[in-house]
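Report on one structure; see the data block that follows.
Values quoted throughout were computed directly from the atomic coordinates according to the rules given, and no laboratory measurement underlies them. Model, not experiment: these values are computed from the prediction. In this analysis, Cβ positions are derived from the backbone assuming ideal geometry, glycine residues included, and neighbour counts consider all displayed protein chains.
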Amino acid sequence: MESVVGYINSNKEKYVEELKDLLRIPSISTLAVNKNDMITAAEFVAGKLREAGMENVKIIETKGHPLVYADWLKAPGKPTVLVYGHYDVQPVDPINLWDSPPFEPTIKDGKIFARGATDDKGQMYMHIKSVEAYFKTVGKLPLNVKFIIEGEEEIGSGNLDEFVNKNQEMLKCDSVLISDTSLYGPGIPTLTYGLRGLCYMEVVVTGPNRDLHSGTFGGGVDNPINVIAEMISKLKDNNGKIKIPGFYKDVVNLTKKERENFKRLPFSEKQYAKALGLKVLKGEKGYTTLERVWARPTLDCNGIFGGFTGEGAKTVLPSKATAKISMRLVPNQDPKKIAKLFTSYINKIAPKTVKVEISDLHGAYPIATSLDDKATLSAATAIAKVFGKKTVFMREGGSIPIVVSFAKKLKASPVLMGMGLNTENLHSPNEHFNLNHFQLGILSSAYFLDEYSK
Ligand code: BES
Ligand code: MN
Ligand code: MN
């Protein structure tokens with residue numbers, strides 16, 4: 001390990017320069033204008049895997065954005081680790097709130113600012129540098145390693161899911177190593193053992209066949225925006241309980257032990273509220289904030305539009321209104337089942353005065369991983385060594401759609417060894433990644449491979 005660690009520590013600046021090159025590529029998966037940038041990013045990742053010393057590096061075309069695969073399988077009898085990450089990023093809007101341009105990586109106070117810095121280019125890149133350190137020093141890896149890096153995580157991983165179904169032998173492994181989550185706090189070695197799932201729905205309400213003068217027609221017809229607002233208000237009660245019949249049926253409740261473990265983590269509701277510019281928090285009655293965001297399902301409106309939204313006033317009755325509604329799910333809720341329940345409830349409460357169309361945009365299954373499997377224990381030991389502290393276990397409110405497929409179809413245990421922070425503005429303006437955690441992450445990856453090979 002000494003030479004590997006030495007190599008990592010003496011190449012810090014080179015790593016940051018390379019990461020900057022990756023961050024300059026505007027690989028926004030959801031926007032058609034960035035289609036070529038997705039190919040550029042995939043080629044960049046493939047090139048770096050090749051330079052690092054990985055073998056069988058290939059770019060795999062899909063119906064959407066390409067996958068990048070690589071392997072090194074020359075450690076017979078040793079376990080195989082599949083490293084997963086994503087090179088796609090979220091859109092940058094609202095662009096005027098960025099202090100430096102999102103695709104011109106800028107370093108300030110030991111942090112690198114750019115879209116994708118923490119989610120997930122910076123975190124994914126750590127593992128490429130960790131295998132490189134092995135190849136450039138000891139000339140080999142302590143176990144077998146495969147990489148699968150995708151470009152569609154932020155849009156639901158549909159094509160990777162299909163690829164996993166059809167290529168189980170190619171991706172076969174004992175554990176999946178993923179850095180796409182957060183540390184509990186700066187400098188705290190953390191493993192995440194639960195992710196929430198997601199059910200993302202769109203509701204379009206159509207009233208009159210065109211926008212109408214709100215004086216001439218106002219009072220005579222129903223208004224799609226009013227209707228959508230009324231329907232949204234019927235989705236949750238005052239205690240934050242979701243009113244869709246059957247919604248909670250499959251929810252696995254928190255155990256007493258888990259609630260105690262959550263309570264042992266340092267957490268201040270006051271500081272949490274203050275950091276968000278809030279006076280009071282709000283959530284499901286009977287649960288703490290950590291329980292609400294990690295282990296309870298939610299329903300939220302993500303966007304609502306229709307009618308006149310420009311400057312000033314325009315007297316108009318909208319013909320159409322749209323709401324985008326997401327539900328975060330917990331084990332053992334099923335996004336497909338929840339989409340059906342949501343659809344029938346909306347249809348039931350929809351008035352006859354309008355037409356309502358509901359679509360299921362995408363989803364993700366929730367997951368809770370086992371805490372006592374060998375890969376998880378190796379990771380806990382590895383990061384405790386690197387950070388010089390005891391490893392903390394947490395759950396996470398966000399989702400990584402493909403993790404459940406890996407667990408179920410490849411029968412491999414996921415290790416969620418994230419190095420981000422929830423304060424690093426992922427999906428927001430001024431996204432950044434702490435460069436100290438970037439370096440510790442490369443070391444953690446190297447130590448994990450070593451620990452797990454024993
Ligand atoms: N890396 C995140 C998931 C995440 C968020 C982990 C916060 C830890 C903390 C991932 O890239 C993500 O944003 N997932 C989406 C999935 C969706 C688009 C299907 C999410 O959770 O909204
Ligand atoms: Mn991510
Ligand atoms: Mn993301």
Residue within segment 131-144 that is within 16 Å of ligand 1 (Cβ to nearest atom), on the phi > 0 side of the Ramachandran plot and out of contact with any Cys (no Cβ under 9 Å at 6 or more places or on another chain) present: no
Complete set of residues in segment 370-391 that are surrounded by fewer than 20 Cβ atoms within 10 Å (Cβ to Cβ), not acidic (Asp, Glu) and not in a helix (DSSP H, G or I): Ser370, Leu371, Gly388, Lys389, Lys390
Some residue of segment 214-223 being of a type outside the set (Lys, Arg) and closer than 28 Å to Ser405 by Cα: no
Positions within segment 244-290 being out of contact with any helix residue (DSSP H, G or I) (no Cβ under 6 Å at 6 or more places or on another chain) and small (Gly, Ala, Ser), in sequence order: Ser268, Ala273, Ala275, Gly277, Gly286
Residues satisfying the stated conditions in segment 307-365, i.e. basic (Lys, Arg), surrounded by 15 or more Cβ atoms within 10 Å (Cβ to Cβ) and part of a strand (DSSP E or B): Lys320, Lys324, Arg328
Total residues in segment 394-423, condition more than 16 Å from ligand 3 (Cβ to nearest atom) and either touching a helix residue (DSSP H, G or I) at 6+ places or on another chain (Cβ under 8 Å) or under 17 Å from Lys121 (Cα atoms) (or both): 11
Count of residues meeting criterion [away from ligand 2 (no atom under 16 Å from the Cβ), assigned to a loop (DSSP other than H, G, I, E, B) and either under 27 Å from the mean Cα position of the chain (by Cα) or free of Cβ contacts under 8 Å to residues at least 60 places away in the same chain (or both)] in segment 112-143: 1
Positions within segment 420-452 being within 20 Å of Val145 (Cα to Cα) and within 16 Å of ligand 1 (Cβ to nearest atom), in sequence order: Gly441
Residues of segment 145-163 classified as in contact with a helix residue (DSSP H, G or I) (Cβ under 9 Å, 6 or more places away or on another chain) and more than 15 Å from ligand 3 (Cβ to nearest atom), total: 6
Verdict on Ile148 being closer than 30 Å to Glu2 by Cα and within 16 Å of ligand 2 (Cβ to nearest atom): yes
